[in-house]
Amino acid sequence: MDIPINTDTILHTSMIIVLDLSLPNELWFTMEKLLNAARTQVDAVVAATNNIDPEIKIKLKKRAWERLGQDHPDKDMIDPFLIPLCIIGSKYDLFQDFDSEKRKTVCKTLRFVAHTHGASLQFSSTKQEALINRSRNLISHFVFGTPMGKTIQVDHNKPLLIPAGLDLLQQIGTPPLPDDELGMGLARTPMDLWKQAFTSIFPQENTNNPAMVDDPAKDIQYAEGTVDSMRIQKNEELERYRRLCERRAKDARQQAMNEGLVY
């Protein structure tokens, strides 16, 4: 990534990350690895460019929020990628034949990841002409600046199409975990909570998967003041998100009882 993203191109660069929907048991590891590598490279280029343009990060952050909307209701939960980002789920032609609940889990998880990164999300397939045209439109938008449009598709029974800033955490819902597990586990951030849920349903098969490695953050040898204070902030963020999830789950149960769906 050090060739296309550099000090000369950072202000004019967009990024597309492609994930294989037909391999959910590798999806989280692949997604996490690519997102971390991309963010590391962008942060490094921003730091290098800061010597030339001290306002570079402010400019990129301002552009990011202009894409999402300064008054987005989920603003406190979004950490936008500094350059335009789109996550594409490929091989939808295979994914559409998955069990409905598994498709729902993948869709909700990718929606959460894309939304909290300030990214667009789109499913594609080389076997379906309509989705090929969608991909062409996306590339045209990033390369030539053509309008991306405001069409949105969030139904997990159809190929997702969600431009950046048009999703909502309230509509995405809670992680697919039992109600009594929403406030438990080793998750330290909302992202960790979704990771816990996703990898419990789709165990990651790659042995290098970070989801299978013990968390070193609790090891005293890695203690560092700045990092620890950031961790406290993230823990508070997670606690707010957990309470939100628990409240929504409680409300959903109450509504089901009121409608006579459960007793």
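The values are calculated or read from the model by the stated rules, or taken from the named source; none is laboratory data. Since the structure is predicted, the reported quantities are computational estimates derived from the model, not experimental observations. The area values use the complete protein model at the heavy-atom level, side chains included, leaving out ligands, DNA and RNA. Shrake-Rupley method; radii C 1.70, N 1.55, O 1.52, S 1.80 Å.
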Applying the Karplus parametrisation 6.51 cos²θ - 1.76 cosθ + 1.60 with θ = phi - 60° to the phi angles of the stretch 17-34, what ³J(HN,Hα) value in whole Hz is obtained for each residue in order, glycine and proline being reported as x?
10, 9, 10, 8, 5, 7, 10, x, 6, 10, 5, 5, 4, 4, 4, 5, 5, 5
Using amide H atoms built 1.01 Å from N in the peptide plane, name the residues 5+ places from Leu85, or on other chains, whose amide H lies under 5 Å from its own.
Met15, Ser120
Can you return the lysines within cross-link range of Lys91? Criterion is Cα-Cα under 21 Å, with same-chain partners fewer than 8 residues away left out.
Lys33, Lys102, Lys104, Lys108, Lys127, Lys158
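Would you mind telling me the share, in percent, of accessible area of the stretch 1-115 contributed by carbon and sulfur at probe 1.4 angstrom?
Details: 2950 of 5620 Å².
It is 52 percent, rounded to a whole number.
How many Å² of accessible area per residue for the stretch 132-183, probe 1.4 Å? Mind dumping the intermediate values first?
Working: 2930 Å² over 52 residues.
That works out to 56 Å² for each residue.
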Can you run phi through the Karplus equation (6.51, -1.76, 1.60; θ = phi - 60°) for the stretch 128-134 and list ³J(HN,Hα) in whole Hz, with x for Gly and Pro?
10, 4, 4, 6, 5, 5, 4
What list of ³J(HN,Hα) couplings, whole Hz, do you get for the stretch 82-97 from phi and the Karplus terms 6.51, -1.76, 1.60, once you set θ to phi - 60° and write x for glycine and proline?
6, 10, x, 10, 10, 9, 10, x, 8, 6, 4, 4, 8, 5, 5, 8
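Once a ≥ b ≥ c are taken as the square roots of the eigenvalues of the Cα gyration tensor of the stretch 62-165, is the result rounded (a/c under 1.5), prolate (a/b larger than b/c) or oblate (a/b not larger than b/c)?
Working: a/c = 2.47, a/b = 1.32, b/c = 1.87.
Oblate is the answer for the stretch 62-165, as a/c is 1.5 or above yet b/c matches or exceeds a/b.
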Once amide hydrogens are built 1.01 Å from N within the peptide plane, the residues lying 5 or more places from Asp20 or on another chain with amide H under 5 Å from its amide H are Ser90
